[in-house]
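Got a structure here, written out as structure tokens. Questions coming.
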Amino acid sequence: TEDLRASLPEGTGRGRGVVVGVVDTGIDVTHPAFRTEDGRTRIQWLITWGDPRGVHPELEAAYGCTDLSQAPCAIYSSEDIDAMLSNQRPIPDDVRDFAGHGTHVAGIAGGSGRTLAGEGTKFAGVAPEASLVIASPSPGGGFADDVVLRGTRFIFDRAEELGMPAVVNLSLGGDFGPHDGTSPLEAGLAALVGDDKPGRAITVASGNSGGLYDLGDETAAGIYTQVRVSEHGPVRAPIVVPGASSGEVFVWIHYGNEDAVSVGLEAPDGTWITPVPPGDDEGYDDGEGTTGAVVNDEPGRSSITEDSNGAVLVWSGEWEEGGEFAVLLEGHGQAEMWITASGDAAKNGAYFRNAKRQGTINTPASHPRLLGVGCTLNRHQWVPVGSPLIAISAFGPDEEDDIIDDSLCYFSAGGPTPLGVMKPEIVAPGAFVASAMSEEADPRTHSGGIFDGPSCPEDSTCYVVGDRYALAVGTSMSAPVVAGAIAVLFEQAPGLTQALVTDVLQASARKPQGKVASGALMGAGAVDLRHALQVLAEEQPSSEPPDIGQSYWVLGAASARPDPSWLVEGLVQLRRADGTIASGLDGSLLRLDVEGGLTARPLVKERHGTFSFAVAAPFGTGGTKMRVRVLYDGQIIGEEMVLPIGVDALATGPYSLDGGCNCRAVSSSSGGGAAIWLAPFAALLLRRR
């Protein structure tokens, strides 16, 4: 980032005059990364989960803090926080970050990198001079949809009052929901940004649900699967809950508006609920505390969401450990399913057999107008405080391959969505990112926190890399990198919209240099702020050809469906020999070559050097393959891509194991909320060097 700023006008490139907002577990207001050189806070406003304090009664009333039907909240200004820092008033619990997640995220996006001793800014965030507005809806990390929306609205409102553009980071999400933009959280967030709201942007972590698990039976287990339901016979989608005999499990099933699917539940001891037709619901109760339920949606009748067709299946209580559950499906349609768990069932997670990595994008990152961010590995060795160098000996399922920085994180969730939308939009560093550590989450004084890595050698605190700084892993860390980059863009062009910000970041993205298990999971590529500023400038006509070796293209899915209405989106990135954007080209020399499929949308220029397209598979082509090539002036860019065309997950095999972490989906017990996303350190193998 320092090299980047050297190329900008003096005093810019640091997010000055821009609000970076964070909805998370809170922020350590005492941390030097969020204070000016003279000790004052950089946090302009803070809304927390605490009881109303009456310090700003009008604001507390406006945001429902005092409404007994809503979650309580307290609001503090920079003056209030400065009074706490100068010991004029105590620091209440709701102004602390016991989880540590929010402090770390805020430090990545907008921390200054300062220490109490004042030396250096080694761990500075991307926009270290941005103004901060923080929303802390919950002390522990489980957030209800309404408080996430309230916090986001609070940030944008305060930024408007300050006369500044704002980017809000949401390092939170869940696997439970329609994943098509129709849930209240997705729709509510999308309504806060748009072409009519310049100077506003939202970044969302894509989630850590992209890993697949080897259960020892030659199938890949994960949180997402898809099946084709036919009138010719029922379909059984098996589920395993390894190592658990109790808890709660939630399944969300999405199918098209023209589909009609009946849904039932099979348990280890028999069928609990026979398939329930659309528009109906059915329950199960063994009389001893174990219950189950199916609510099958039909728009206009028992609608789960007003604009989405699907079903919810849940069960709770006790069952035979090691026994297999299954979703039973009858009728006709394409069913996509996501699973999550809580209680004892969440310790090792609940999974579908025959799962897929694509389609794992979390909500609300799944909304087409929200900027989802996936994860890349940014370092594999470091020197902890007071310890020798630490190096990772394995990151992901394949311990034999060399670890390569700038590889896609094995747990990073991706699309496409049920509507075929490419997700995430972009990827950014998220594995072993160093940032601010809250005092309450320092593993040297508080055990069991996010920086207390169980795989540290000799019970050391090996993720602590500075007196108030530590490492963390997850798409939670990737999203604020992009939020900070947007703050720098807003500093140069405060009138950018959510769509324009996304266009600029995608047009300037670069191809990761490490391993990418599936190009469908990396969006347009890795964030490249220097080139984003190049794309932000006015495009000038050019006749200089791109470099074929530096140019690349991606598809938003690794397989296709035999349905011409279901599109597989693609992006072409033209680059010159030095890696810069091949801007100024009209694309007339670009050609899309599709064999065994359809060109659903021809090549269209989006912005400097970036062109989009879409392909699809005709009806009746299940079991065949589609070949796609992109050429420039007759030369092939990259490699030909072959997409299996299948009616469901089983029909597009063979399978490969792409994951293997112990990360799990976390959701509120009601399924109506979101949770912070942080990959556990237990999935890593560390060694000293």
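The values are calculated or read from the model by the stated rules, or taken from the named source; none is laboratory data. Model, not experiment: these values are computed from the prediction. Virtual Cβ from ideal backbone geometry, glycine too; neighbours counted across all protein chains shown. Side chains are part of the model used for accessible areas, which takes the heavy atoms of the whole protein and leaves out ligands, DNA and RNA. Shrake-Rupley method; radii C 1.70, N 1.55, O 1.52, S 1.80 Å.
Can you find, within the range 386-407, the residue that is modelled with the highest pLDDT among those that are assigned to a loop (DSSP other than H, G, I, E, B) and small (Gly, Ala, Ser)? Break it down stepwise before answering.
To start, the set of residues in the range 386-407 that are assigned to a loop (DSSP other than H, G, I, E, B) comprises 386-389, 396-407.
Applying the additional criterion that residues be small (Gly, Ala, Ser) yields 386-387, 396, 407.
Values: Gly386: 85, Ser387: 85, Gly396: 77, Ser407: 93.
It comes out as Ser407.
Further, regarding this structure: Applying the selection to the range 11-65, what residues are among the hydroxyl-bearing types (Ser, Thr, Tyr) and surrounded by 18 or more Cβ atoms within 10 Å (Cβ to Cβ)? Give the derivation first.
Keep residues of the range 11-65 that are among the hydroxyl-bearing types (Ser, Thr, Tyr), which gives 12, 25, 30, 36, 41, 48, 63.
Scanning the range 11-65 gives Thr25, Thr30, Thr41, Thr48, Tyr63.
All but one of (1) out of contact with any Phe, Trp or Tyr (no Cβ under 8 Å at 6 or more places or on another chain); (2) farther than 19 Å from Asn354 by Cα hold for Val235; state the number of the condition that does not hold.
Condition (2) is where Val235 drops out.
OK, next. Mind checking which pairs have a first residue in the range 95-113 that is within 14 Å of Gly430 (Cα to Cα) and free of Cβ contacts under 8 Å to residues at least 60 places away in the same chain and a second that is aromatic (Phe, Trp, Tyr) and part of a loop (DSSP other than H, G, I, E, B), Cβ under 7 Å, 6 or more apart or different chains?
none
A further question follows. So which of Ser262, Ser209 ends up being touching an Asp or Glu at 6+ places or on another chain (Cβ under 7 Å) and in a loop (DSSP other than H, G, I, E, B)?
Details: Ser262 fails: in a loop (DSSP other than H, G, I, E, B).
So the residue among Ser262, Ser209 that is touching an Asp or Glu at 6+ places or on another chain (Cβ under 7 Å) and in a loop (DSSP other than H, G, I, E, B) is Ser209.
(1) surrounded by fewer than 24 Cβ atoms within 10 Å (Cβ to Cβ); (2) farther than 21 Å from Gln334 by Cα; (3) out of contact with any strand residue (DSSP E or B) (no Cβ under 6 Å at 6 or more places or on another chain): which one isn't true of Leu215, the others all being true?
Failing condition for Leu215: (3).
Sticking with this one: What pairs can you find where one residue is in the range 9-25 and within 22 Å of Leu170 (Cα to Cα), the other is modelled with pLDDT under 95 and open to solvent by 10 Å² or more (accessible area, probe 1.4 Å), and their Cβ atoms are less than 6 Å apart, with a gap of 6+ or different chains?
Thr25/Ala99
Take the residues in the range 536-564 that are hydrophobic (A, V, I, L, M, F, W, C) and over 20 Å from Pro429 (Cβ atoms), then tell me which one is surrounded by the fewest Cβ atoms within 10 Å (Cβ to Cβ). Quick ask: steps written out before the conclusion?
Initial filter on the range 536-564 (hydrophobic (A, V, I, L, M, F, W, C)): 536-537, 548, 553-555, 557-558, 560.
Now narrow it down to the ones that are over 20 Å from Pro429 (Cβ atoms): 536-537, 548, 553, 555, 557-558, 560.
Values: Leu536: 20, Ala537: 11, Ile548: 17, Trp553: 23, Leu555: 23, Ala557: 25, Ala558: 22, Ala560: 30.
Ranking the candidates gives Ala537 first.
Give just the number: which of (1) closer than 19 Å to Ile223 by Cα; (2) in a strand (DSSP E or B); (3) not aromatic (Phe, Trp, Tyr) does Thr271 not satisfy?
(1)
Further, regarding this structure: Tally up the residues in the range 84-115 that are assigned to a helix (DSSP H, G or I) and either in contact with a Cys (Cβ under 7 Å, 6 or more places away or on another chain) or over 24 Å from Arg53 (Cα atoms) (or both), please. Lay out the reasoning, then the answer.
Step one: list which residues in the range 84-115 are assigned to a helix (DSSP H, G or I), which gives 84-85, 93-95, 101-110.
Filter again for either in contact with a Cys (Cβ under 7 Å, 6 or more places away or on another chain) or over 24 Å from Arg53 (Cα atoms) (or both), leaving 101, 104-110.
So the count comes out to 8.
Based on this model, can you work out whether Ser460 counts as of a type in the set (S, T, N, Q) and buried (at least 23 other Cβ atoms within 10 Å of the Cβ)?
Numbers: of a type in the set (S, T, N, Q): yes; buried (at least 23 other Cβ atoms within 10 Å of the Cβ): no.
In short, no.
Okay, moving on. Looking at the range 410-430, which of its residues are within 13 Å of Lys515 (Cβ to Cβ) and at pLDDT below 95?
At the first step, the residues of the range 410-430 found to be within 13 Å of Lys515 (Cβ to Cβ) are 410, 412, 427.
Result: Tyr410, single match.
Go through the range 1-33 and give me each residue that's under 19 Å from Phe490 (Cβ atoms), of a type in the set (A, V, I, L, M, F, W, C), outside any loop (DSSP other than H, G, I, E, B) and modelled with pLDDT of 95 or more.
Once the filter is applied, which keeps residues that are under 19 Å from Phe490 (Cβ atoms), of a type in the set (A, V, I, L, M, F, W, C), outside any loop (DSSP other than H, G, I, E, B) and modelled with pLDDT of 95 or more, the range 1-33 yields Val19, Val20, Val22, Val23.
Also, quick follow-up: If you scan the range 355-364, which residues turn out to be modelled with pLDDT of 95 or more and out of contact with any His (no Cβ under 9 Å at 6 or more places or on another chain)?
Once the filter is applied, which keeps residues that are modelled with pLDDT of 95 or more and out of contact with any His (no Cβ under 9 Å at 6 or more places or on another chain), the range 355-364 yields Thr360, Pro364.
Just a yes or no: is a residue in the range 435-442 among the small types (Gly, Ala, Ser), touching a residue at least 40 places away in the same chain (Cβ under 8 Å), surrounded by fewer than 18 Cβ atoms within 10 Å (Cβ to Cβ) and in a loop (DSSP other than H, G, I, E, B)? Before you say what the answer is, go through the steps one by one.
Taking the range 435-442 first, the residues among the small types (Gly, Ala, Ser) are 435-436, 438, 441.
Next, only the ones that are touching a residue at least 40 places away in the same chain (Cβ under 8 Å) stay: 435-436, 438, 441.
Narrowing the set further to residues that are surrounded by fewer than 18 Cβ atoms within 10 Å (Cβ to Cβ) leaves none.
The answer is no; no qualifying residue exists.
May I pose another question? Just one of (1) out of contact with any Leu (no Cβ under 8 Å at 6 or more places or on another chain); (2) modelled with pLDDT of 95 or more; (3) open to solvent by 20 Å² or more (accessible area, probe 1.4 Å) trips up His104, so point out which.
Only one criterion is unmet by His104, namely (3).
Let me ask you something else. Of all residues in the range 489-513, which are part of a loop (DSSP other than H, G, I, E, B) and either open to solvent by 20 Å² or more (accessible area, probe 1.4 Å) or among the hydrophobic types (A, V, I, L, M, F, W, C) (or both)? Break it down stepwise before answering.
Filtering the range 489-513 down to residues part of a loop (DSSP other than H, G, I, E, B) leaves 493-497, 508-509, 511-513.
Matches in the range 489-513: Ala493, Pro494, Gly495, Leu496, Ala509, Lys511, Gln513.
Here's another thing I want to ask about it. Using the structure shown, decide if Ser447 is buried (at least 21 other Cβ atoms within 10 Å of the Cβ) and either touching a Gly at 6+ places or on another chain (Cβ under 6 Å) or assigned to a loop (DSSP other than H, G, I, E, B) (or both). Walk me through it before giving the result.
Numbers: buried (at least 21 other Cβ atoms within 10 Å of the Cβ): no; either touching a Gly at 6+ places or on another chain (Cβ under 6 Å) or assigned to a loop (DSSP other than H, G, I, E, B) (or both): yes.
Judged against the criteria, Ser447 is not a match.
Here is a check on your reading of the model: is Gly194 among the small types (Gly, Ala, Ser) and either in contact (Cβ under 8 Å) with a residue 12 or more places away in the chain or closer than 30 Å to Trp45 by Cα (or both)? Full working, then the answer.
Details: among the small types (Gly, Ala, Ser): yes; either in contact (Cβ under 8 Å) with a residue 12 or more places away in the chain or closer than 30 Å to Trp45 by Cα (or both): yes.
The answer is yes for Gly194.
Sort out which residues of the range 104-130 are farther than 24 Å from Val473 by Cα and in contact with a helix residue (DSSP H, G or I) (Cβ under 7 Å, 6 or more places away or on another chain), and write them in order of number.
Listed by number, the list holds a single entry, Leu116.
Yes or no: Asp280 without any contact (Cβ under 8 Å) to a residue 60 or more places away in the chain, surrounded by fewer than 19 Cβ atoms within 10 Å (Cβ to Cβ), out of contact with any Leu (no Cβ under 6 Å at 6 or more places or on another chain) and of a type in the set (D, E, K, R)? Steps first, please.
Working: without any contact (Cβ under 8 Å) to a residue 60 or more places away in the chain: yes; surrounded by fewer than 19 Cβ atoms within 10 Å (Cβ to Cβ): yes; out of contact with any Leu (no Cβ under 6 Å at 6 or more places or on another chain): yes; of a type in the set (D, E, K, R): yes.
Judged against the criteria, Asp280 is a match.
Right, Glu491: over 28 Å from Gly359 (Cα atoms), modelled with pLDDT under 95 and among the acidic types (Asp, Glu) or not? I'd like the intermediate steps shown before the answer.
On the way: over 28 Å from Gly359 (Cα atoms): yes; modelled with pLDDT under 95: no; among the acidic types (Asp, Glu): yes.
When the stated conditions are applied, Glu491 does not pass them.
Still on this structure, please answer the following. Of the conditions (1) open to solvent by 20 Å² or more (accessible area, probe 1.4 Å); (2) touching a helix residue (DSSP H, G or I) at 6+ places or on another chain (Cβ under 9 Å); (3) at pLDDT below 95; (4) not charged (D, E, K, R), Leu192 clears all except one; give me its number.
(3)
Another question about this same structure. State the number of residues belonging to the range 565-585 that are farther than 22 Å from Arg510 by Cβ, at pLDDT 95 or above and open to solvent by 20 Å² or more (accessible area, probe 1.4 Å). Spell out how you get there, then give the answer.
Keep residues of the range 565-585 that are farther than 22 Å from Arg510 by Cβ, which gives 565-568.
Now drop any that are not at pLDDT 95 or above, which leaves 567-568.
Now restrict to residues that are open to solvent by 20 Å² or more (accessible area, probe 1.4 Å): 567.
The qualifying residues number 1.
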